[in-house]
Amino acid sequence: MSVSEGSGAGRTDDPGHPGRAAAGAPSVPVLDERVTHCRACPRLVAWREQVAREGRRAYTGWDYWARPVPGFGPDDARLLVIGLAPAAHGGNRTGRMFTGDRSGDVLYAGLHQVGLTSRPDATDVHDGLRLYGVRVTAPVHCAPPANKPTPAERDTCRPWLAGELRLLRPTLRAVVVLGAFGWQATLPALAAGGWTVPRPRPVFAHGAHTTLAATDGGADLELFGCYHVSQRNTFTGRLTPAMLTDVLGRAATAAGLTTP
Ligand code: SF4
C-alpha cells in the first residue's frame, strides 16, 4: 500500500497525519475508514505486521487484519466504551474491536447483560454481533508489543479519538473508560472533543464517576472509570462480572439507554 493511499490528508506515515485526517473527517464512517490506513507509528506498524506474519498456532489459516482497528458500533451512540489498544491476536487478527480474545468475551458479555448487544460474545466480523446505542473504541488503534504503547504513540494516536468524540458529540451522553492508561489518554481527547475537564484532573478508579460540562453549553457528559477487562484483572478476580455490569449499567442509565 502506498503511504498516501486512503489518507484523506497526505502521507499516512507522517506523525501529523492523524491530526489532519481526523480533523477533516465529516462523519464517523469516514473517520473509521481513514484510521485503517494510518501508519504514523513505525514501531506499531512493524509489530502489527510481524504478528500477522508469524501468527499463532491456534489461528493457523487466519488472514490477519494487521492494520489499525477502528471503533465499532453505531455512529449515533449515546455511550462510548474506551479500552486501551487492540490485542495482537484479537482485534489485530479479526479487524474489530475486542473481537476474538478473552477480554472481548468479558466485555461483550457484560454489555449483553445490560441489554446493549445482540449476543454475549464476539468471534469475528461475520458473527452478527450488533451494538445498541453503544460504541467501543480505543485511544491507540494498533496492537502494541506487550500491550504497552509508549506515551509518544498514545499522543500520536490521540487525534483519532478526539475526532471520534467530536463526531459523536451530538448524541454522546456517557463514556466508560477501561483502565488507568485509557483514562489518562482519554481526558485530553475529551477536552479536544468539546467538554471541560476539571483541574486537577479526575483520578481514575473503578467506579469513578465525573460529570463533564460541554464547553458550548451543550449536554453534559457522564464519565465513568472501570478496571480493564484484561485477563490479568478478570482471572485474578480484581474485576468480576458483577463489578463490570454494575459500571456498564450505571453508564447505560446515565446515557438514557436503560432505566434504573
Ligand atoms: S497507533 Fe494510531 S497513530 Fe499509530 S499507526 Fe496506529 S492508528 Fe496510526
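Nothing in this text is a laboratory measurement; each read-out follows from the coordinates by a stated rule. Remember, it's a predicted structure, so these values are computed and weren't measured experimentally. Backbone-built Cβ (ideal geometry, glycine too); neighbour counts: all protein chains shown.
As a length-normalised measure over Cα pairs under 8 Å and 6 or more apart, the relative contact order of the chain settles at 18 percent. Simple point charges give the picture: +1 on the Cβ of Lys and Arg, -1 on the Cβ of Asp and Glu, and for the chain a dipole about the Cα centre of about 460 debye.
Under a GNM of the chain (C-alpha, springs under 10 Å), which listed residue has the highest mean-square fluctuation: TRP160, TRP62, TRP47? Between TRP160, TRP62, TRP47, it is TRP62 that shows the largest mean-square fluctuation. Measuring how big the stretch 179-260 is from its alpha-carbon positions, Rg and Dmax come out at 13.7, 43 Å. Coupling constants for the stretch 15-26 follow from the phi torsions by the Karplus curve (6.51 cos²θ - 1.76 cosθ + 1.60, θ = phi - 60°), and in residue order they are x, x, 4, x, x, 5, 5, 6, 4, x, 6, x Hz; glycine and proline get x.
What is the Å³ per residue value for the convex hull set by the Cα atoms of the chain?
117 Å³
Within the listed set TYR227, TYR59, TYR132, the Gaussian network model of the chain (springs between alpha-carbon atoms below 10 Å) gives the highest mean-square fluctuation for TYR59. Beta-bridge orientation, the chain: approximately 35 percent antiparallel, per DSSP, counting only bridges with both partners inside. A Gaussian network model of the chain, with springs between Cα atoms under 10 Å, assigns the largest mean-square fluctuation among ARG166, ARG11, ARG199 to ARG199. The length gained by stretching the chain between ARG56 and THR211 to full extension, at 0.36 nm per residue less their Cα-Cα distance, is 51.5 nm.
Per residue, the chain reaches -11000 deg cm²/dmol at 222 nm when only DSSP H runs of four or more residues are counted, each adding -39500 (n - 2.57).
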